[in-house]
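The values are calculated or read from the model by the stated rules, or taken from the named source; none is laboratory data. Every value quoted in this text rests on a predicted model; they were computed, and no experiment measured them. Cβ placement follows ideal geometry from the backbone for every residue including glycine, while neighbour counts extend to all protein chains displayed.
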Amino acid sequence: MALEQNRKVALITGVNGQDGSYLSEFLLNKGYEVHGIIRRASSFNTSRIDHLHVDPYAHKGGRFHLHYGDMTDSSCLVKIIGRIKPTEVYNLAAQSHVKVSFDLSEYTAEVDAVGTLRLLDAIRTCGLENTTKFYQASTSELYGKVAEVPQNEKTPFYPRSPYGEAYNMFACNGILFNHESPRRGETFVTRKITREVAKIHLGLSQCLELGNLDSKRDWGHAKDYVEAMWLMLQQESPEDYVIASGETHSVREFVELAFRHVGKEIVWEGKGTEEVGKEKDTGVVRVRINSKYFRPTEVDLLLGDASKAKAKFNWSPKVTFHELVKDMMKSDIELMQKKSHGVKSWFYNLHDTLGIYI
Ligand code: NDP
Ligand code: GDR
């Protein structure tokens, strides 16, 4: 019985995403057995988590296990949960790209909203609703165009889960503001910038194309944020928490800082879609605006107030905005150096030239 009570078994959906990979590392270090759900793909999709297996090539060994599944398939969720009986479930799976959600709205709702419902139902179907703690990756996007700045847990439109109230489940929403890292998906703005600036620095590219430079985000480091996810589930009672850095910066500032990292000063000229960012010393255009990267509706400003998380479990971010940009730049310069020496560079340059980025 005592053994049963001390079980530490986590199930992570979205395990091969940015946050899933950092959270897996964090929980393995805490002694958990970690199970992750991945989707079958036509090419390798586990590069962020391969190192967590004792035998990375065979994907086995140790306390880390992967299961094929999908948030659109209830029966697989029931089977996996019934088999592993997790003590904590972290739901990180999502179609997480905001621009893509406008194009694939029905699919996004199916995975992000109904998928969450399926997972909660699977926990109940397996009779684990009173023992398994549930973490939901919620988002600062929910605040939308609010007038209140900074946004905290009391800011209107934050979600309320009927599962927490009706079934007495330990279910928390982590209302996380943007968090980035060298493992961030390549189509999010920060990673798009650091990859491209690294390539410009190495002479592999000339210019970076972006959309709205003036939107402001509260950016933190993913490594810090996954610790907050775990801390939420270790509290006496389930509550929702804002996790944020408490600073806001524009996309423009991010660009300037990334270029500064490689010794280039950017000056801006022109207006609207005609605006360009030029290298101060040479006048060479390094940033252009392309209207295809603008969204049908934009969240102009996000700034979070994480004082509740600080007060309740002493969480605050360790990595500053400058350190975040530096970490991402350093990593992408190394990555691009490796790629430019390998056969893959041809493919990557073609991929970028074709404008597959969003
Ligand atoms: P990523 O986009 O890096 O990861 C998303 C994960 O979800 C991937 O593992 C992806 O798998 C998986 N996934 C997508 N669709 C499905 C599906 N139908 N079934 C199973 N798995 C699926 O996101 P992050 O790691 O950055 O974010 C984690 C969560 O936190 C997401 O829910 C995101 O919306 C949310 N969030 C993120 C913020 C951020 O700034 N990073 C801020 C606030 C919230 P695959 O590789 O196969 O596509
Ligand atoms: P966001 O992140 O929409 O905040 O969603 P993203 O990095 O995509 O955009 C941030 C801001 O940058 C502007 N932008 C561009 N964005 C992209 N992707 N590409 C561009 O070329 C570009 N140019 C300017 C955007 O308009 C936007 O204002 C992220 C995701 O992780 C969500 O899942 C999560 O819910 C929120 O953060 C909180």
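Tabulated results
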| read-out | value |
| --- | --- |
| First in the stretch 268-279 and farther than 13 Å from Glu209 by Cα, second anywhere and not charged (D, E, K, R), Cβ under 6 Å, 6 or more apart | Trp268/Gly277; Glu269/Val276; Gly270/Val276 |
| Members of the stretch 170-188 found to be of a type in the set (A, V, I, L, M) and more than 8 Å from ligand 2 (Cβ to nearest atom), listed by number | Ala171, Ile175 |
| All strands (runs of 3 or more DSSP E) inside the stretch 168-287 with 1 or more residues being buried (at least 23 other Cβ atoms within 10 Å of the Cβ) and under 21 Å from the mean Cα position of the chain (by Cα) | 171-176, 241-243 |
| Some residue of the stretch 50-68 being closer than 30 Å to Thr297 by Cβ and within 15 Å of ligand 1 (Cβ to nearest atom) | no |
| Elements of type helices (runs of 4 or more DSSP H) contained in the stretch 1-85, each with 2 or more residues being β-branched (Val, Ile, Thr) | 74-84 |
| Residue in the stretch 39-63 that is farthest from ligand 2 (Cβ to nearest atom), counting only those that are surrounded by 14 or more Cβ atoms within 10 Å (Cβ to Cβ) and under 21 Å from Lys8 (Cβ atoms) | Arg63 |
| Residues within the stretch 179-221 that are closer than 29 Å to Asn152 by Cβ and away from ligand 1 (no atom under 16 Å from the Cβ), tallied | 4 |
| Filter pass, Ile123 being touching an Asp or Glu at 6+ places or on another chain (Cβ under 6 Å) and in a helix (DSSP H, G or I) | yes |
| Pick from the stretch 288-312, criterion away from ligand 1 (no atom under 16 Å from the Cβ) and of a type in the set (Lys, Arg), ranking: surrounded by the fewest Cβ atoms within 10 Å (Cβ to Cβ) | Lys292 |
| The listed residue being in contact with a Pro (Cβ under 8 Å, 6 or more places away or on another chain) and assigned by TED's automatic domain parsing to the domain that holds Gln234, out of Val89, Val9, Val34, Val78 | Val9 |
| Residue ID - modelled with the highest pLDDT, chosen from residues in the stretch 120-149 that are more than 16 Å from ligand 1 (Cβ to nearest atom) and touching a Leu at 6+ places or on another chain (Cβ under 7 Å) | Lys133 |
| Unmet requirement for Tyr348, which otherwise passes all of (1) in a helix (DSSP H, G or I); (2) at pLDDT 95 or above | (2) |
| Tally of residues being in contact with a Phe, Trp or Tyr (Cβ under 6 Å, 6 or more places away or on another chain) and polar (S, T, N, Q) across the stretch 175-189 | 2 |
| Condition met for Glu141 (under 26 Å from Asp300 (Cα atoms) and surrounded by fewer than 18 Cβ atoms within 10 Å (Cβ to Cβ)) | yes |
| Residues (modelled with pLDDT under 95, away from ligand 1 (no atom under 12 Å from the Cβ) and exposed (fewer than 14 other Cβ atoms within 10 Å of the Cβ)) located in the stretch 74-119 | Phe102, Asp103, Ser105, Glu106 |
| Asn29 more than 22 Å from the chain's Cα centre (by Cα), exposed (fewer than 12 other Cβ atoms within 10 Å of the Cβ) and not charged (D, E, K, R) | no |
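Table: residues versus (1) charged (D, E, K, R); (2) within 15 Å of ligand 2 (Cβ to nearest atom); (3) at pLDDT 95 or above; (4) touching a helix residue (DSSP H, G or I) at 6+ places or on another chain (Cβ under 7 Å).
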residue: Gly270; (1), (2), (3), (4): no, no, yes, no
residue: Gly283; (1), (2), (3), (4): no, no, yes, no
residue: Pro296; (1), (2), (3), (4): no, yes, no, yes
residue: Lys312; (1), (2), (3), (4): yes, no, yes, no
residue: Val319; (1), (2), (3), (4): no, no, yes, yes
residue: Ile356; (1), (2), (3), (4): no, yes, no, no
